[in-house]
1. Looking at this structure, is B:Asn68 open to solvent by 40 Å² or more (accessible area, probe 1.4 Å) and over 25 Å from B:Ala113 (Cα atoms)?
2. Which members of the stretch B:164-191 meet the condition of being under 29 Å from B:Asn56 (Cα atoms), in contact (Cβ under 8 Å) with a residue 40 or more places away in the chain and open to solvent by less than 10 Å² (accessible area, probe 1.4 Å)?
3. Please go through (1) among the hydrophobic types (A, V, I, L, M, F, W, C); (2) crowded, with 21+ Cβ neighbours inside 10 Å; (3) modelled with pLDDT of 95 or more for B:Ile99 and return the number of the only condition it doesn't satisfy.
4. List pairs: first residue in the stretch A:10-24 and more than 9 Å from chain B (Cβ to nearest Cβ), second residue crowded, with 16+ Cβ neighbours inside 10 Å and among the acidic types (Asp, Glu) anywhere in the structure, Cβ distance under 7 angstrom, at least six positions apart or on different chains.
5. Which one is surrounded by the fewest Cβ atoms within 10 Å (Cβ to Cβ) among residues in the stretch B:16-45 that are of a type in the set (Val, Ile, Thr) and more than 22 Å from the chain's Cα centre (by Cα)?
6. Restricting to the stretch B:75-86, and then to whatever is in a loop (DSSP other than H, G, I, E, B) and in contact (Cβ under 8 Å) with a residue 40 or more places away in the chain, can you tell me which residue is least open to solvent (accessible area, probe 1.4 Å)?
7. With the requirement that a residue be open to solvent by 20 Å² or more (accessible area, probe 1.4 Å) and either within 12 Å of B:Val95 (Cα to Cα) or touching a Leu at 6+ places or on another chain (Cβ under 7 Å) (or both), what does the stretch B:220-235 give you?
8. Taking the options B:Arg328, B:Arg280, name whichever one is within 14 Å of chain A (Cβ to nearest Cβ) and open to solvent by 10 Å² or more (accessible area, probe 1.4 Å).
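The values are calculated or read from the model by the stated rules, or taken from the named source; none is laboratory data. Predicted model only: the values in this text are computed from it and were never measured. Ideal geometry is used to build each Cβ from the backbone, glycine not excepted, and the neighbour counts take in all protein chains shown. Surface accessibility is based on the protein's heavy atoms, side chains included, excluding ligands, DNA and RNA. Shrake-Rupley method; radii C 1.70, N 1.55, O 1.52, S 1.80 Å.
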Amino acid sequence: MADIVYIICPNCHKQFYAESIMRKTSSKFHCPYCDLYFFEKETTNKGRDSDVKEPKRIP
Amino acid sequence: MSKNLREFLNKIKDTIPSGYLEVDKEIDAKFELCALLQHLENEKRFPTVVFKNVRNLKGDGGHAVVSNLFATRENLAIAVDLPKEKWRGELTQEVYRRIKNPVIPKVVGENEAPVKSNKIIGDDVDIRNLPIIRHHEMDAAPYFTMAIVAKHPEWGIAPGIHNVSFHRMQYKSPRETGIHMSPLHTWHIFRSYEERNLPCPIALIIGHHPMFYVGANMNPAAGVSEYDLVGGLLGEPLRVTPSTTLGSDFLIPADAEFVIEGEILPNIREAEAPFGEWTRYYGPQRDNPKIKIKAINHKRDPIFLNVFIGHRDSDYLGLGWECTVFKRVEEAVPTLHEVYLPPSACGGYHAYIKIMKTVHGQPINAALAALTWGFLKLVVVVDEDIDIFDEEQVWWAVATRVQAGKQVQILKGIRGSILDPSIGETVEHDAVIIDATKPLGLPFEEKIRVPKEYMDKIKLRDFIE
């Protein structure tokens, strides 16, 4: 599996994960919980690479 | 009658009534159906379940769905006309015997193809009318989990050859899905089209005889038509008919319940997944191609087939992989007895191999041959006295016949599975070989046993009710 990052949906604030390479493309992320498509800049993630991979943050 | 899903369901209903369940009560395709399957699994029950009244994506009930078709090896034994008790090595060998005898498909006209009883084309297509299953909590959407057919283009590496393989397809909109392809045959076919900025025709096959899907899960050379392979597995020609929208030379199975026709669009990528995979983990969201759906063909009162992926239903689909490994090991070690890819490793990551060791080094030859099939991360080779379908016996052999310094080896940098959560970005993994065979030509301590004459004399039923 490629390197993954956790993403927090700006609408429902639930977490899911994606390949980190998606951050380098122009694609929108898709929230599996509320169906929102959104750009990275819209997410409330902070320090995703270092912080959000922590297993304790998995819901 | 040609072999198909319904004929097979009747067969298991008659042969293993305790392994067949019909659910009449209405249930939703979104999580509810899988919750019921999970409850059964929690009780270690894996019946084939026919749901007769499933609500589709619009909330309309009355749809038939089958799941757990592949969840026992007994089912698969019956699928190749063996008694249900012959689910161990006999099953692997019978499937292997059949793939060595491919059968060319039989082309039939539309009027002889039950799948063409109903054709929905163009703007009338709406896949929300189907009971597409939503399986696990983090899944991005409902997913199709069955096999697709693609055809090598005239300029491709195997012109005109039909390829069948499993690919997850995510519901996107009434006429669109996403698709994930590992870099194997379908991906190469798609790339051949995409390099020319052309859409790649594909057909999704929902609901056929189990051997259609065991064939789909094999990895023959690109030049081998998997329709021929499926014919071998069925023991009769696969009946095919020209597609509705993909051209008359694109042939689709005539006896499938549903065939959904579409095109993978070139040079478009969009978020696809997360999706709960056969590894029992969610594969991450990634940029993947999209499919435009062009037509739905289906039988009258069609049955929607679903693989409860990441559970026994996908573990034993590894039978196709098991036969691929068997073939490769047999070529290296003629005294091979059996190969088993156990569900404890998702039916794909570990292999237990039983051989009759006749010369030094044979267990390593067997393991190396097995490892040429890319997903394996552990190969244990044992002697003839070990039942490889009983994991306790395999690990007893490891515990009592292995000195790690001599009989355990690690190979590094083998091409692996992109879905393996522990693998790196280069998709290379390490593999462990354990030679758990006894030394050749030297005395070795004997297994304990109660004398046979006393076992024959003392019957359990004479002492215990």
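1. On the way: open to solvent by 40 Å² or more (accessible area, probe 1.4 Å): no; over 25 Å from B:Ala113 (Cα atoms): yes.
It is false that B:Asn68 is open to solvent by 40 Å² or more (accessible area, probe 1.4 Å) and over 25 Å from B:Ala113 (Cα atoms).
2. B:Val164, B:Met169, B:Gln170, B:Thr177, B:Gly178, B:Ile179
3. Here B:Ile99 meets the rest and fails (3).
4. A:Arg23/A:Glu40
5. The first filter runs over the stretch B:16-45 and keeps only residues of a type in the set (Val, Ile, Thr), leaving B:16, B:23, B:27.
Then keep just the ones that are more than 22 Å from the chain's Cα centre (by Cα); that gives B:23, B:27.
On the way: B:Val23: 15, B:Ile27: 21.
My answer is B:Val23.
6. Initially, the stretch B:75-86 is screened for residues in a loop (DSSP other than H, G, I, E, B), giving B:80-86.
Subset that is in contact (Cβ under 8 Å) with a residue 40 or more places away in the chain: B:80-81, B:84.
Numbers: B:Val80: 2, B:Asp81: 81, B:Lys84: 69 Å².
Here the answer is B:Val80.
7. B:Pro220, B:Gly235
8. On the way: B:Arg328 fails: within 14 Å of chain A (Cβ to nearest Cβ).
Result: B:Arg280 is the single residue among B:Arg328, B:Arg280 that is within 14 Å of chain A (Cβ to nearest Cβ) and open to solvent by 10 Å² or more (accessible area, probe 1.4 Å).
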